[in-house]
1. With the requirement that a residue be surrounded by 12 or more Cβ atoms within 10 Å (Cβ to Cβ) and free of Cβ contacts under 8 Å to residues at least 60 places away in the same chain, what does the stretch 167-181 give you?
2. Given the structure, is residue 194 exposed (fewer than 12 other Cβ atoms within 10 Å of the Cβ) and closer than 20 Å to residue 21 by Cα?
3. Taking the stretch 86-131 only, how many residues are free of Cβ contacts under 8 Å to residues at least 12 places away in the same chain and either crowded, with 19+ Cβ neighbours inside 10 Å or assigned to a helix (DSSP H, G or I) (or both)?
4. Give just the number: which of (1) within 24 Å of residue 23 (Cα to Cα); (2) at pLDDT below 90 does residue 88 not satisfy?
5. Give the stretch 102-147 a look and list any residue that's over 30 Å from residue 47 (Cβ atoms), in contact with a strand residue (DSSP E or B) (Cβ under 6 Å, 6 or more places away or on another chain) and basic (Lys, Arg), or say none.
6. For residue 94, indicate whether it is in the same structural domain as residue 24 (by TED's automatic domain parsing) and either among the β-branched types (Val, Ile, Thr) or farther than 26 Å from residue 156 by Cα (or both).
7. Can you report the number of residues in the stretch 1-58 which are part of a loop (DSSP other than H, G, I, E, B), of a type outside the set (Gly, Ala, Ser) and farther than 21 Å from residue 137 by Cβ?
8. Considering (1) free of Cβ contacts under 8 Å to residues at least 12 places away in the same chain; (2) surrounded by 17 or more Cβ atoms within 10 Å (Cβ to Cβ); (3) within 21 Å of residue 95 (Cα to Cα), say which one residue 42 fails and leave the rest.
Amino acid sequence: MKHVSILAGNDAKCVDYLTKWLADIIQNPGSKECAIAPIFLSKQGAGKNIFFKLFAILLGKDFYLETANPGEDLFGTHAEGFYNRILIDIDESNFKANSAIHERLKNAVTSDRLNVNIKFSRPVETRNFVRLFFTTNNIVSMKISNDDRRHVIFEVSNEMCGNRAYFRNFISYMNQVENQKAVIEYLRSIDLKNVNWIEDRPITDAYMQSKQCTQCTILQYLEYLVFDVGIEEGYNRSGSGLFEDYKDWCARMNIREIRHANVVNQIFASYGTEVDNSITKSLIKGKTKYKFYPDGIKTVLEKHGVIMV
């Protein structure tokens, strides 16, 4: 189970939780008590997908689905993605795609019944045995609310990226029947009696960062200006220039753009006098200019829990 440790970032608490999550799939495939949909975050080539494709052999390949288009394959007019599935990987997961189906994904994680509308057949209600999980390269791939009870984010170790010999050996190992049996027996032996799937979740740095990003893009953008761009005292930008920069940042973060072009007005409207010592507005040659003061911005970010100083 070395690769489980890699998937869990070699963190002991994460390894324990992920092992139990996998064990529950084997021990209780018809139960929705473990209504947790993990998110696996890493660079490409770390081995997220290959593990689960091989894990699917243990379940039976017909019970596993990998999709990069959940809107169509799971929730399309005649989608059959959920039908008779136990495990579904939403691959290349990103915030834009998941936002459009966010409520339906939430329901699929927890509900024990689903409606399926197979083409050329009448819609039917079926039992929902599916365990969803997400694989992504994006820190912001899913809306994580303050009261989230459905997700845990595992920061996959990148130690095996590009290591072809390791993955050849791993594939060879998992394709041997005696090893498949050994993995099943090991997972069957895991004690799940006292697991609290919600309270026992490891709260990783990636989980907290994702939660912060999805709760307030404006504050996250200000954090980006201060810590990534490294703006200096009195940093000066026009409103239009600021908006174009904000749009570029949103695109890189896979976050939908705000609807209003005046980013600073959005900041003033949301945080009022809190930003008095952070941003000032002036009119220069008929054009509005804004000056930013990093120390004041840091105070605002700290107050709202975006950073810890």
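The values are calculated or read from the model by the stated rules, or taken from the named source; none is laboratory data. No experiment lies behind these values; they were computed from the predicted model shown. As a convention, Cβ positions derive from the backbone with ideal geometry for all residues, glycine included, and neighbour counts pool all protein chains shown.
1. The first filter runs over the stretch 167-181 and keeps only residues surrounded by 12 or more Cβ atoms within 10 Å (Cβ to Cβ), leaving 167, 170-171, 173-174, 179-180.
Within the stretch 167-181, 173, 179 meet the criteria.
2. Against the criterion (exposed (fewer than 12 other Cβ atoms within 10 Å of the Cβ) and closer than 20 Å to residue 21 by Cα), residue 194 qualifies.
3. Residues of the stretch 86-131 free of Cβ contacts under 8 Å to residues at least 12 places away in the same chain: 103, 107, 115, 120-124.
Among the residues that remain, those that are also either crowded, with 19+ Cβ neighbours inside 10 Å or assigned to a helix (DSSP H, G or I) (or both) are: 103, 107.
Counting residues in the stretch 86-131 that are free of Cβ contacts under 8 Å to residues at least 12 places away in the same chain and either crowded, with 19+ Cβ neighbours inside 10 Å or assigned to a helix (DSSP H, G or I) (or both) gives 2.
4. Residue 88 satisfies all of (1) within 24 Å of residue 23 (Cα to Cα); (2) at pLDDT below 90 except (2).
5. 113
6. The answer is no for residue 94.
7. As a first pass, look at the stretch 1-58 and keep what is part of a loop (DSSP other than H, G, I, E, B): 1, 8-11, 28-38, 42-47.
So of that shortlist, the ones also of a type outside the set (Gly, Ala, Ser) come out as 1, 10-11, 28-29, 32-34, 36, 38, 43-44.
Now drop any that are not farther than 21 Å from residue 137 by Cβ, which leaves 1, 28-29, 32-34, 36.
The number of residues fulfilling the criteria is 7.
8. With (1) free of Cβ contacts under 8 Å to residues at least 12 places away in the same chain; (2) surrounded by 17 or more Cβ atoms within 10 Å (Cβ to Cβ); (3) within 21 Å of residue 95 (Cα to Cα) applied to residue 42, the lone miss is (1).
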